Every structure is written in structure tokens, then in C-alpha cells.
Amino acid sequence: MNTPRSSRRKFLTKVPLVAATPLLVACRDTINAQPAKASVAPPGGPVVIATWQHGMAANEAAWKVLEAGGSALDAAETGVRVTEADPEVRTVGLGGYPDRDGIVTLDAAIMDGGGDCGSVAALENILHPISVARRVMTETPHVMLVGAGARQFAIAEGFAPTELLTEASRKDYQKWLEEDGNYRPPINVENHDTIGLLTLDREGNVAAACTTSGAAYKYHGRVGDSPIVGAGLYADNEVGAATATGWGEAVIRACGSFLVVELMRQGHDPTEACRLAVERVIAKNPDWKDIQVGFIALHKDGRTGGYCIHPNFDYAVHDARGSRMELPESKVPRDE
Ligand code: SD4
């Protein structure tokens, strides 16, 4: 699965949201989540942290890789592949909500702490966009491939074309078409279930992976923050890693994940870095009360944190203290 960076170098030398809609995942089950606590002592690695409840299953797969001494990059890819293949997760990979033309298009990116990264956007009919993104990173001189070109590359790399629109998503889409005469994508605080996953391995390397079907009923061709390095995710071995969930347009405006990492570089705790990045998002988006944005962060010393606009966001952590859900603090108080 891992193509060494050296082989890439060789290759390079050879080639010169307001109205709630039932279609969006509604209330998150945050019952089991505990308020996030600042770590007293840096726990060290390995660590894996991922967005939302579906992060638990992804973390489990990533943790197995880390526990066995695998790399942060392998763990990140392995973890989010679980979510991509789960048809019950309606906002990632198989079974993801389609765009407003009824087509499922996927965005994904992967990055290691050394600075290598790969990404795909608006990719159709491929089950594991994260693995295609990794091949972009290791097998091409590029960082990002989009649309038909990304699909062509995936098929050339041996990824089999797969129908991603499940019956459940097709039915929801039909219902949305019938109910929404304006044919406009909804913007609201609930349209936000990307998996973003961050890892720290035993060697002290960090990595990030992010994969999504994007905003439900988006314009065909719309690309969100998730495949954009610096917006949807960022990783730097000198500092740590961050990833975002929520309304991608708002995250892009603030270069959200890069900002979180840079704030940690300045000395901020992961939670405080996420909070300050959310404040920046708020400053850049006058409609911030109508959207959700959340960040999670992993410091290279093993500390984790998160922060969001609205309180319906939680995240999964697996570290030396075990596996758990955590509830980050939010700009809008829980009882408002
Ligand atoms: C996007 N950020 O495409 C993604 C949407 C999402 O959790 O579901 N985020 O804007």
C-alpha cells in the first residue's frame, strides 16, 4: 500500500444550511461523548483522532495499524477507508448523498507530516477516493486531480468502477427534488459529516486523511474544503495535524486546517488553536450562525483538541487512555 517517497522522486526525475432537512443526517448521538478535557501531560503516541461518531470505527482500524508499528500515513488511509465503504454513513463514499443532479461525487485528500500530499475532487464511481488520492501523491508529479481526469487515473491504477448511489440515497434525493422547487442546495448547520482523521505513529510522524461526498445536493462540480490541502486538512511533523468538518466554503475562506497547525506552531494548545481558527471562520463568514464548522487537532506530543460553531459536533479519540468520544466546546452555547 505504501509507495516510498523515493520512488516518487524517481518518477519526478523521469518526467520533465438553515432549514433542517430530513435528507441530512439530523441529530448526532452525542449521549456517550464526554466533554473534552485538556491533557495534563502530553500522552505521546500513538494517537488517532477522527470527526463524528463514525470516527470510532475508523479509529479502530487506524489504531490497529499504529499499534502494530505501522506508519501514520498507512493508519490514516486504512481508517477512513472503513467509513468510505460503509453505506450507512450518508456523507462519505458509498451511499453518500448525491449532488443536485443525482450524481455522487467524492472529494478526498491525504497528507503526511513530511509535506507529501495527494488529493482528488469531484471523483465519480470510485469506492475509495482516499486511496486514489494517495496514488496521486505517490505515483504522479501532481498534488490534485479532479473530475474525469481523476476517474481516468483511478481506473488506470486498477480501481474498479462502482455504483455509489444506494437505494436509500436515491430515495432521499427524489424526495428532495419533489420538495425543493428552487433546486437549490440547502445550507445549514447539519450538513457536515465528513470523516477527517489524524494520526501520530510511534516514530513521531503525523498524517491526515479527509474524505467526503461533500455537501448534499451541491451544484454538480462543486468542490468543498476536504480535498484542499490547508483547508480540509494539514499535517506537519514539526507541529502536528488538523482537519475540518462542516460548511466547506467557510473553511476554505479561512484556510482553516493550515491555520490550526500554524496556531499550534505559535504555542497554542490544540483546543485553543481550533477555537481561534473558528473565530477566524466567524470573522470571514457573516452567515456563521447558519452554518456548522468544526476543527480537530493533534499535536505532535500527543495532545488532542477540537472546537466548533454549533454544539452538535463530537469526535473520536484513541490514545494511551483508550478509545472514547469527546464533545468539544462550541461558539454557540449548548443550551442556546
Ligand atoms: C464539504 N466539509 O464538502 C465538507 C462537508 C462535510 O463535514 O460534510 N463536512 O464542505
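Descriptive notes on the structure:
- Test for Ala133: is it surrounded by fewer than 20 Cβ atoms within 10 Å (Cβ to Cβ), modelled with pLDDT of 95 or more and assigned to a helix (DSSP H, G or I): no
- None of Leu106, Leu127 is surrounded by 21 or more Cβ atoms within 10 Å (Cβ to Cβ) and hydrophobic (A, V, I, L, M, F, W, C) except Leu106.
- Test for Ala254: is it under 15 Å from the mean Cα position of the chain (by Cα) and either at pLDDT 95 or above or within 17 Å of Ala50 (Cβ to Cβ) (or both): no
- Pairs with Cβ under 8 Å, 6+ apart, first in the range 211-226 and at pLDDT 95 or above and outside any loop (DSSP other than H, G, I, E, B), second β-branched (Val, Ile, Thr) and within 6 Å of the ligand (Cβ to nearest atom): Thr211/Thr194; Thr212/Thr91; Thr212/Thr194
- When the residues of the range 246-282 are filtered to those that are within 16 Å of the ligand (Cβ to nearest atom) and part of a loop (DSSP other than H, G, I, E, B), the one that is nearest to Gly230 (Cα to Cα) is Cys255.
- Residue check, Gly96 in contact with a Lys or Arg (Cβ under 6 Å, 6 or more places away or on another chain) and under 20 Å from Val223 (Cβ atoms): no
- Within the range 235-249, being surrounded by fewer than 24 Cβ atoms within 10 Å (Cβ to Cβ) and either under 16 Å from Ala283 (Cα atoms) or among the hydroxyl-bearing types (Ser, Thr, Tyr) (or both) holds for one residue alone: Glu249.
The values are calculated or read from the model by the stated rules, or taken from the named source; none is laboratory data. Here the structure is a predicted model, which means the values were calculated and not measured. All Cβ positions, glycine included, derive from the backbone under ideal geometry; neighbour counts span all protein chains shown.
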